[in-house]
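Taken together, the values in this text are just the output of simple stated rules run on the coordinates, not laboratory data. If you're wondering where the values come from, they're calculated on a predicted model, not measured in any experiment. FYI the Cβ positions are ideal-geometry reconstructions off the backbone, even for glycines, and counts take in every protein chain you see.
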Amino acid sequence: MKDIVHRVFSVGMALLVLFSTVSFTVEKHYCGDVLVDVSLFAEVQKCAMEAYEMEQSSITKKSCCKDTIDVVQGQDELTVKTFDDLEFEQQVFLTTFSYSYLNLFEDLQEREISHQDYSPPNLVYDIQVRDQAFLI
């Protein structure tokens, strides 16, 4: 049981560190006031209007299409705290709490099963069917 809890806790902490340090960008393409495409990892797809405006760029200066980029920054540096960085009272509390919590649970004693290797006798006939006495 302790091994399973330890593994689940370790995987959870590893995922927490992974997701807190990951950074990504969200790219959005608008044509006028209408959102055309959103992309997390690839480049956004441009609308057909933008290709037409590129051809007409010599005539008009203002484009109705625009791209926005939102950057979500993750943590760059992780601070690692050790047990020695805690104050003395916190160390005492943590030590006594963990000691009392771990000793709260006791292992079950293995009981000896005396009839484990006993094979039942061969049945010549079924007594319940013969006497028609069934458990309901």
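Just to be sure I understand: with springs between alpha-carbon atoms less than 10 Å apart, which residue in Asp85, Asp117, Asp76 has the highest mean-square fluctuation in the Gaussian network model of the chain?
Taking springs between Cα atoms under 10 Å, the residue moving most is Asp117.
If I fit a long axis through the Cα atoms of helix 88-102 and take the longest principal axis of the Cα atoms of the chain, what angle between them do I get, 0 to 90°, rounded to 10?
Roughly 50 degrees, rounded to the nearest 10.
Which aspartates and glutamates does Lys2 reach when only Cα atoms under 14 Å apart count, and residues fewer than 8 places away in its own chain are ignored?
Lys2 reaches Glu106, Asp107.
Quick check on packing: order 38-44, 125-131, 109-115 by the mean number of other C-beta atoms within 10 Å, highest mean leading. Mind showing how you got there, number by number?
Numbers: 38-44: 11.0, 125-131: 8.1, 109-115: 6.6.
Top of the packing list down: 38-44, 125-131, 109-115.
Output the peptides 95-108, 22-35 sorted from most to least packed, where packing is the average of other Cβ atoms within 10 Å over each peptide's residues. Before the final figure, lay out the partial values.
Working: 95-108: 8.4, 22-35: 13.0.
By packing density, highest mean first, the sequence is 22-35, 95-108.
Given the options Phe88, Gly74, Tyr101, identify the residue whose Cα lies farthest towards the positive end of the charge dipole of the chain (+1 on Cβ of Lys, Arg; -1 on Cβ of Asp, Glu).
Value computed over the given set: Gly74.
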